[in-house]
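The values are calculated or read from the model by the stated rules, or taken from the named source; none is laboratory data. Everything numeric in this text was worked out from a predicted model, so none of it was measured. Neighbour counts run over all protein chains shown; Cβ positions are idealised from the backbone, glycine included.
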Amino acid sequence: MTLRSVVLGGTGFVGNGLVRALGEQGGHVRVVGRSFPRMAEAKSPPFEGVGLDLFNSSDDDLRRVIDGCDVVYHLAWSSLPSSAEADVLADMETNVIFTLRLLNLMEKTGGRLVFCSSGGTVYGHAAMDLIDETHPLQPINAYGAGKVCAETYCNLYRFTGRVDARVARLSNPYGAGQDKGRMQGALSRFVRLAVSGEQIEIWGDGEVVRDYIDIDDAARGMIALAQCNTLTEGAPAVFNIGSGRGTSLNRLLTKIEGELGRKLSVTRMPGRRIDVRSNVLNVDKARSILGWQATVELADGIRNLIATISK
């Protein structure tokens with residue numbers, strides 16, 4: 001299926017992975033980021049780079065970048081769990097209001113919306129080993145609360161037939177190119193520090209369990225959600241996009257040590273209130289309806305990441 005797509009927030013880590021995957025499928029891809037996305041522009045057509053500060057954009061500017069596109073991927077989110085917690089009001093005013101503006105404009109321009117939510121924070125403390133999409137939404141931090149709020153508006157606009165809005169609850173993506181300056185992405189950060197021989201800090205006892213997914217697998221999952229034509233009209237289109245397997249921080253370190261053949265230097269820090277103990281996503285719904293599932297095994301992903309960073 002060849003579609004005209006726009007990726008809002010397309011110059012970030014997840015955005016780059018999505019743009020790369022879209023490029024492999026063909027079709028026109030418009031990449032929108034705060035700074036002009038030169039990397040995307042430098043690639044062969046059909047890539048188009050647009051520099052726009054989305055959160056301070058006018059409705060006319062925003063309409064221009066989404067108009068004529070079949071699919072809008074909404075990856076633009078200004079906060080991390082820590083920064084959202086530090087200024088809850090700013091998180092709401094910036095991210096949730098922008099999502100609502102986008103929905104209002106898409107009601108007029110048409111097209112499908114895929115909102116990149118967070119399977120790692122919207123559920124809160126897990127009531128089951130594998131969290132499916134029916135699990136109560138009980139976030140324990142402001143970041144998760146903001147994502148839930150944005151999801152709610154997406155579902156409302158879908159239910160009322162105003163926008164074909166779809167929600168991808170992404171687990172913990174990892175891979176080459178994850179921003180060194182952002183305290184996010186434990187696996188990528190651990191590998192980068194391990195390869196360079198630097199100290200690794202862990203909050204808590206290291207038994208926190210997460211669902212890690214290779215960025216290319218995650219991108220293919222979002223594309224599968226965008227391209228699915230069999231979803232029930234008006235019903236929520238919410239899908240977990242993860243590996244379906246949990247790994248503790250301690251186990252991650254053991255795997256990295258095994259690949260490098262040496263012990264790592266690790267510092268243990270006090271646990272954080274904003275972290276849930278375990279979060280592993282059930283991806284049966286995506287497998288059965290979207291025909292998608294993650295294919296990169298964690299061991300292979302770590303090995304590939306070490307090889308890339310070591311170059």
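Every residue, every condition in (1) within 28 Å of Cys154 (Cβ to Cβ); (2) assigned to a loop (DSSP other than H, G, I, E, B); (3) free of Cβ contacts under 8 Å to residues at least 60 places away in the same chain; (4) of a type in the set (D, E, K, R), yes or no:
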| position | (1), (2), (3), (4) |
| --- | --- |
| Arg262 | no, yes, yes, yes |
| Asp275 | yes, yes, no, yes |
| Ile289 | yes, no, no, no |
| Thr295 | yes, yes, no, no |
| Ile306 | no, no, no, no |
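Please enumerate the residues belonging to the range 109-161 that are farther than 30 Å from Asp59 by Cα and either of a type in the set (D, E, K, R) or touching a Phe, Trp or Tyr at 6+ places or on another chain (Cβ under 6 Å) (or both). Within the range 109-161, Asp129, Ile131, Asp132, Glu133, His135 meet the criteria. What's the total number of residues in the range 136-161 that are buried (at least 16 other Cβ atoms within 10 Å of the Cβ) and over 19 Å from the mean Cα position of the chain (by Cα)? So the count comes out to 2. Contact map, the range 1-21: first residue within 16 Å of Cys116 (Cα to Cα) and assigned by TED's automatic domain parsing to the domain that holds Ile223, second residue of a type in the set (S, T, N, Q) and buried (at least 19 other Cβ atoms within 10 Å of the Cβ), Cβ cut-off under 6 Å, separation 6 or more or different chains; pairs are Phe13/Gln178. Being modelled with pLDDT of 95 or more and in contact with a Ser or Thr (Cβ under 6 Å, 6 or more places away or on another chain) holds for only one residue in Ile223, Ile213, Ile241, and it is Ile213. Of the numbered criteria (1) of a type outside the set (Gly, Ala, Ser); (2) surrounded by fewer than 23 Cβ atoms within 10 Å (Cβ to Cβ); (3) in contact (Cβ under 8 Å) with a residue 12 or more places away in the chain, the one Val71 fails is (2).
For the structure I just gave you, tell me whether Leu231 is closer than 26 Å to Trp292 by Cβ, outside the structural domain of Pro270 (by TED's automatic domain parsing) and not acidic (Asp, Glu). Yes. The residues of the range 63-98 that are of a type outside the set (A, V, I, L, M, F, W, C) and within 15 Å of the chain's Cα centre (by Cα), listed by number, are Tyr73, His74, Ser78, Ser79, Pro81, Asn95. Scanning the range 225-234 for residues that are in contact (Cβ under 8 Å) with a residue 24 or more places away in the chain and surrounded by fewer than 20 Cβ atoms within 10 Å (Cβ to Cβ) yields Gln227, Cys228, Thr230, Leu231, Glu233, Gly234.
So for the range 2-21 (the condition being farther than 23 Å from Asp214 by Cα, at pLDDT below 85, among the hydrophobic types (A, V, I, L, M, F, W, C) and crowded, with 17+ Cβ neighbours inside 10 Å), does at least one residue qualify?
yes
Scanning the range 232-257 for residues that are of a type in the set (S, T, N, Q) and assigned to a loop (DSSP other than H, G, I, E, B), we see that the one that is nearest to the chain's Cα centre (by Cα) is Ser243.
Residues in the range 277-287 that are part of a loop (DSSP other than H, G, I, E, B) and surrounded by 16 or more Cβ atoms within 10 Å (Cβ to Cβ): how many? Summing the residues that are part of a loop (DSSP other than H, G, I, E, B) and surrounded by 16 or more Cβ atoms within 10 Å (Cβ to Cβ) in the range 277-287 gives 3. As an exercise: evaluate Ile215 against (1) under 25 Å from Ala145 (Cα atoms); (2) free of Cβ contacts under 8 Å to residues at least 12 places away in the same chain; (3) among the β-branched types (Val, Ile, Thr) and give the number of the one condition it does not meet. Of (1) under 25 Å from Ala145 (Cα atoms); (2) free of Cβ contacts under 8 Å to residues at least 12 places away in the same chain; (3) among the β-branched types (Val, Ile, Thr), only one is false for Ile215: (2). All of (1) more than 21 Å from Gly33 (Cβ to Cβ); (2) in contact (Cβ under 8 Å) with a residue 40 or more places away in the chain hold for Leu80 with one exception: (1).
Would you confirm whether or not the range 251-260 contains a residue that is among the polar types (S, T, N, Q) and buried (at least 18 other Cβ atoms within 10 Å of the Cβ)? I'd like the intermediate steps shown before the answer.
Residues of the range 251-260 that are among the polar types (S, T, N, Q), as a first pass: 254.
Cutting the leftovers down to buried (at least 18 other Cβ atoms within 10 Å of the Cβ) gives us none.
No, the range 251-260 contains no residue that is among the polar types (S, T, N, Q) and buried (at least 18 other Cβ atoms within 10 Å of the Cβ).
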